[in-house]
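These notes concern the structure reproduced below.
Please treat every number below as a calculation from the coordinates, not as lab data. Treat the numbers as computed from the prediction; the structure is a model and nothing was measured. Don't worry about glycine lacking a Cβ; one is built from the backbone with ideal geometry, like all the others, and counts go over all protein chains shown.
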Amino acid sequence: MTGALSPAAVVLRIFLPFAAGYFLSYLYRTINAVLSPYLVAELGLSATDLGLLTSVYFLTFAAFQLPLGMLLDRFGPRRVEATLLLFAAAGAGMFAFGGGLVELVVGRGLIGLGVSACLMASFKAFVLWFPAARLPAVNGWVLAAGGLGALAATAPVETALRLTDWRGLFAGLAGLSFAVALCLVLAVPEQRRNPAPPDGWRAQWRGVGDIFRDRAFWTIAPSSVVSQASFLAVQGLWAGPWLRDVAGLDRTMAADYLFWIAAAMVGGFLGMGQLTYRLSRYGIPPVAVAAGGMALFMFVQLALLFEWGPLLPLWMSFGFFGTSGVLNYAILTQAFPPALAGRVNTALNLLVFVAAFAGQWGMGAIIDRWPAAGGGYAAPGYRLAFGLALALQLLSWAWLLAKSPDRRV
């Protein structure tokens, strides 16, 4: 529903500002995959320390999801995201000038809080301004903008490090975060309709409870949570060290691989969304497309564990099919009233990011137990960490098949 705005205005004044926010969110999320050797060298971090420093983004991100859903439904996506991005700017500044692990952890935690609304605010805005049938495709486009952020966090960051250091990068990101917040305030129009429930906060919490008691939510959520958490944990950090420690690539080549993984992820966001939209016209439900994509994602991970085939195509397939679980956001949103859209998305996001925090930090703790003699870590640690994530994905995928055999969820 585009209201009084022309389609071009909807793109310029609604889609692009929210896409810029998610670009930043994903850049922050994945940048440590390239920065990790620099952080380890300067701060003397272990794999466990590195896992904590990177994954605390997910923890603070997740902690704000439930209140975020209520804030989005009450005050709208424009105001909420613009305000929170100021916290991201402050966190990036603290990360840039922090003197030790504690300051950097606090700074990255503020970043996670500050960008916690970027995707969910986009989804909420699109529910208000776009037809329901177009949501999987439109959501795919904003996810692709996040993929561009992941692209920027790879080889371009490695190139930028020849001109400045990681502290200078984060100082620049602090300024960019403030600029996007200002853009949201100045460019995005107020909603034509107020999506806030007429009741107070207690009624909103009851809505959250209704979501978590819903059968459809618990049919779809587990597979999406485990699949997305595994993807975020690896792509956001551990793919980079694996490429250096196991595949034996240097920093520049590893950054190039990460670039192509992120490029494939952009293709996945766009391709899976468009495929879902087109197949739905032939009676194939979106949940069936998501289940098929997650099955292919698991096969790719199995191939990587045993190094079946050339590495770059396998890692690009990891990036492409790792996006499959995101389809469930649009699926679940359409199963609930529009007034609950923000809370539905953030309820799922809460579970995804708590699991991503545990997975990314837990992988670091496992990998830490297999240090290599010449620095870095040995292959068995990575194999165990990644293999456990794959086993959990298989169990959650089997749950999805068992609980929705007719695929009409």
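The angle separating the long axis of helix 201-213 from the principal Cα axis of greatest extent in the chain is about 70 degrees. If you average the alpha carbon positions of the range 66-112 and of the range 131-191, how far apart do those two centres end up, in angstrom? Comparing the Cα centres of the range 66-112 and the range 131-191, I get a distance of 14 Å. Given +1 at the Cβ of Lys and Arg, -1 at the Cβ of Asp and Glu and no other charges, the dipole of the chain around its Cα centre is 1240 debye to the nearest 20.
Take the chain, connect every pair of alpha-carbon atoms lying under 10 Å apart with a spring to form a Gaussian network, then pick out the residue of Y22, Y382, Y38 with the largest mean-square fluctuation. Per the Cα network of the chain with a 10 Å cutoff, Y38 tops the list.
For the options L392, L143, L350, a Gaussian network treatment of the chain with springs between C-alpha atoms closer than 10 Å singles out L392 as fluctuating the most.
Normalising the average separation of contacting C-alpha pairs (under 8 angstrom, six or more residues apart) by the number of residues puts the relative contact order of the chain at 27 percent. Here the peptides 290-298, 232-240, 104-112 are ranked by packing, the mean other Cβ count within 10 Å, and the order with the highest first is 232-240, 104-112, 290-298. For the chain, the longest principal axis of the alpha carbon atoms and the long axis of helix 118-129 meet at an angle near 20°.
What you get for the range 1-156, charging only the Cβ of Lys and Arg (+1) and of Asp and Glu (-1), is a dipole of about 560 debye around the Cα centre. Extension gain, A398 to L384: 0.36 nm times the residue separation minus the Cα-Cα distance gives 2.9 nm. Does the chain classify as rounded, prolate or oblate by the C-alpha gyration tensor (a ≥ b ≥ c root eigenvalues; a/c under 1.5 gives rounded; else a/b over b/c gives prolate, otherwise oblate)? It is oblate, given that a/c is not under 1.5 and a/b is not larger than b/c. Each of L350, W129, L270 was scored by the projection of its Cα onto the charge dipole of the chain, and the greatest displacement toward the positive side belongs to W129; charges sit on the C-beta of Lys, Arg, Asp and Glu. Quick one: angle between helix 286-305 and the longest Cα principal axis of the chain, in degrees between 0 and 90, rounded to 10, please. With both axes taken from Cα atoms, the answer is about 0 degrees. Look at the dipole of the range 165-304 built from charges on Cβ: of V208, A254, A229, the Cα furthest out on the positive end belongs to V208.
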